[in-house]
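The values are calculated or read from the model by the stated rules, or taken from the named source; none is laboratory data. The structure presented is a predicted model; accordingly, all values stated were derived computationally and were not measured. So basically every Cβ, Gly included, is an ideal-geometry build from the backbone, and we count neighbours across all protein chains shown.
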Amino acid sequence: MSVQVSINEDRRLRVLKCLTEMSNHMLNEDVLLRAVISTGRDTDHDLMRDDLAFLEKRSCVRIERLPSSGGELWKVVLTDAGQRVAQGEQVVSGVGRRLTS
């Protein structure tokens, strides 16, 4: 496995872990982006959207696309499957299996 693949998988797992930390398991994409960056994972708006679309296709998150003045704002909701992946109870290809910090 390449280093870049490992980085991508770890970043996607961090997205899920950040959502599990919220009592309602929901964040908008801007707050989620800042939360992931604060954990030391390098990402940006476009990469975050790519990760969120990846996770949505695998039923780990649900995305509600809301109109905003700048286009769209994504509200991201953790699914039951996403919670199981974040807790290490389920494996999804392309999402990390371990998280050290």
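Numerical summary
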| read-out | value |
| --- | --- |
| Residue check, residue 31 crowded, with 16+ Cβ neighbours inside 10 Å, β-branched (Val, Ile, Thr) and out of contact with any strand residue (DSSP E or B) (no Cβ under 7 Å at 6 or more places or on another chain) | no |
| Flag if residue 76 is crowded, with 18+ Cβ neighbours inside 10 Å and in a loop (DSSP other than H, G, I, E, B) | no |
| Wholly within the stretch 1-63, helices (runs of 4 or more DSSP H) carrying at least 1 residues that are in contact with a Cys (Cβ under 8 Å, 6 or more places away or on another chain) and closer than 16 Å to residue 84 by Cβ | 3-20 |
| Selection status of residue 19, surrounded by 13 or more Cβ atoms within 10 Å (Cβ to Cβ), at pLDDT 95 or above and of a type outside the set (Val, Ile, Thr) | yes |
